[in-house]
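A short write-up of the structure that comes next.
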């Protein structure tokens, strides 16, 4: 794997939003140009592709040299290995019939182009330069022999995204379709879970609980109401965030069981984590019964809140003990406690996605 912090190659990056596109360049895992923001024109293909060409060309002109690659995230379904974007894309309606975006940019600029799902690159960035190395370093400092190699990354924002890293490798799936938004909501099996977690859910739930469905507030406003720094129904605000936490935790359970690694959350809604984490953790730690009446955890590992110092200390300590090798005097260290942890991203979703995009490009170039 490339040492992204000490690599001299330059990679162009793009934060592709349906309203605006933000262009930049990275070297050694750091941005080396100021960002350039241009309107996306996402509903008109010619204008949208023209924006991309203009944006990348502007960054190259600033650099004064040809980059090694272009690498960025795109929201929604695609054939990412071949750089073809298409399908259900609410924020990019002009791409729905399929656009060979990667080949177009590669031919235009004469460099390799790598496109991935934003949730995938968020998780990859956190695995390379975020929560995964941070937790492992803290475990080492605490004298623990436990190390983690697997990670689930979730983004709470305009959507509910997911990325999976297993043994340091990004899992893109066989169809570039590792998704979580379309799972059923725990309270309404006919509704996708994203409708109960994303920004629109926070606004809808506050309207329902406060009785003011035409409030016109954004999640930041609702958070301020919960904090008491803005007028409004504080109880309704807190309840709205608690509801999205419960829905998210329920949706995370199966993936957390199958991947068996750490969990990190990023995205715009995470600023309100003090209000949604308790219900999210309650769902992850939930119990379920077998037909014989036995009770078991929905996740077979103990779940720790890694942002809580006391819980992290218990997470690092585990349940280490010595046991004898049968028939011999030898002893081995045994820790029977299966455990995973969850944390809020310290990098932030945008930074983690950029680190993921940069490192992904370097690794592909080295193959």
If we take the range 318-367, then strands (runs of 3 or more DSSP E) inside it with 3 or more residues that are touching a helix residue (DSSP H, G or I) at 6+ places or on another chain (Cβ under 6 Å) are 339-344
Scan the range 261-294 for residues that are farther than 18 Å from residue 161 by Cα and not in a helix (DSSP H, G or I) and report the count.
10
Screening 316, 357 for residues that are closer than 24 Å to residue 118 by Cα and buried (at least 16 other Cβ atoms within 10 Å of the Cβ) leaves only 357
Can you find a residue in the range 184-195 that is under 18 Å from residue 123 (Cβ atoms) and part of a loop (DSSP other than H, G, I, E, B)?
no
Residues of the range 164-174 that turn out to be assigned to a loop (DSSP other than H, G, I, E, B) and out of contact with any strand residue (DSSP E or B) (no Cβ under 8 Å at 6 or more places or on another chain), as a count:
4
Is it true that some residue in the range 297-308 is at positive phi and either in a helix (DSSP H, G or I) or surrounded by fewer than 17 Cβ atoms within 10 Å (Cβ to Cβ) (or both)?
no
Looking at the range 78-96 only, could you name the residues that are out of contact with any helix residue (DSSP H, G or I) (no Cβ under 6 Å at 6 or more places or on another chain) and either surrounded by fewer than 17 Cβ atoms within 10 Å (Cβ to Cβ) or outside any loop (DSSP other than H, G, I, E, B) (or both)?
78, 79, 80, 81, 82, 84, 87, 88, 90, 93, 95, 96
How many residues are surrounded by fewer than 22 Cβ atoms within 10 Å (Cβ to Cβ) and touching a residue at least 24 places away in the same chain (Cβ under 8 Å) if we restrict to the range 176-199?
9
Restricting the range 18-31 to residues that are in contact with a strand residue (DSSP E or B) (Cβ under 7 Å, 6 or more places away or on another chain) and touching a residue at least 24 places away in the same chain (Cβ under 8 Å), which is farthest from residue 356 (Cα to Cα)?
21
Looking at 105, 14, 47, which is the one that is out of contact with any strand residue (DSSP E or B) (no Cβ under 6 Å at 6 or more places or on another chain), free of Cβ contacts under 8 Å to residues at least 60 places away in the same chain and not in a loop (DSSP other than H, G, I, E, B)?
47
Go through the range 2-40 and give me each residue that's at positive phi and surrounded by fewer than 18 Cβ atoms within 10 Å (Cβ to Cβ).
28
Could you figure out which of (1) surrounded by 17 or more Cβ atoms within 10 Å (Cβ to Cβ); (2) out of contact with any strand residue (DSSP E or B) (no Cβ under 6 Å at 6 or more places or on another chain); (3) touching a residue at least 60 places away in the same chain (Cβ under 8 Å) isn't true of residue 366?
(1)
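We did not get these values from a lab; they are worked out from the coordinates using the rules stated. Just so it is clear, the structure is predicted and the values come from calculations on it, not from any experiment. Don't worry about glycine lacking a Cβ; one is built from the backbone with ideal geometry, like all the others, and counts go over all protein chains shown.
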